[in-house]
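Report on one structure; see the data block that follows.
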Amino acid sequence: MNFDEIKTLAANWYIPRMDERRTNFSRLVQAKLAEFAARGTAHSPPAYGAVEKLAFQEVERLGRMMLEGYQQALSAKSGVVEPPIVLGIKRDLKATLESEAVRIYAAIQYVREACKPASVTSAEDLPIRALQKLNADIDLLCAKLNTERGFADARPKVDLCYIHKLRRL
């Protein structure tokens, strides 16, 4: 099993879905602002809080799409899911979600400027919780696949350097 093959298969699955979501996010923000505008509170900190919550949810949704793509790809391939593949998936998820978080953060900047909330979550903080959940789900998925394929006892030996790399994710 090769990470580049897995990544290509997964990307072919999740990229079109993510493109769709990108256009839908602006509509979600506009709908949420319309709710607050109907109450006369469109320029309030709670309005920004609601939009920021949408941003967190969007990052998690995009991560779930990626995870589903990787699940499809890993299921299509046979063999043991080696730790370097898991590490590559986690790195790809992290990099993609961080760039999506920057895009989402920029997309709600006009709301931030209009509402002037007292506290604002940074773009770097948007994907943190989603990545923690996704990393745990990836580990669980790979352990399940390896067990189903009869590789539960064929775990590769992991050196301390590899464990240190995982902890940094």
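Of note:
- Distance between the pseudo-spin-label points of residue 114 and residue 12 (7 Å out from Cα toward the beta carbon): 4.2 nm.
- Top positive-direction residue, dipole computed over the chain with Cβ charges, set 16, 114, 135: 114
- Each residue in 70, 110, 105 was given a count of other beta-carbon atoms within 10 angstrom of its own, and listing them fewest first yields 110, 105, 70.
- With θ taken as phi - 60° and the Karplus curve 6.51 cos²θ - 1.76 cosθ + 1.60 applied, the whole-hertz 3J(HN,Hα) list for segment 26-42 is 4, 5, 4, 4, 4, 5, 5, 5, 5, 4, 6, 5, 5, 8, x, 10, 5 Hz, x standing for glycine and proline.
- Here the chain is treated with +1 on each Lys and Arg Cβ and -1 on each Asp and Glu Cβ, and its dipole about the Cα centre works out to around 220 debye.
- The count of lysine pairs in segment 3-168 with alpha-carbon distances below 12 Å, taking only pairs 8 or more places apart or on different chains, stands at 6.
Where a number appears in this text, it was derived from the coordinates with a stated rule and is not lab data. A quick note: this is a predicted structure, and the numbers were derived from the prediction, not measured. Note that we place each Cβ from the backbone using ideal geometry, even for glycine, and neighbour counts take in every protein chain shown.
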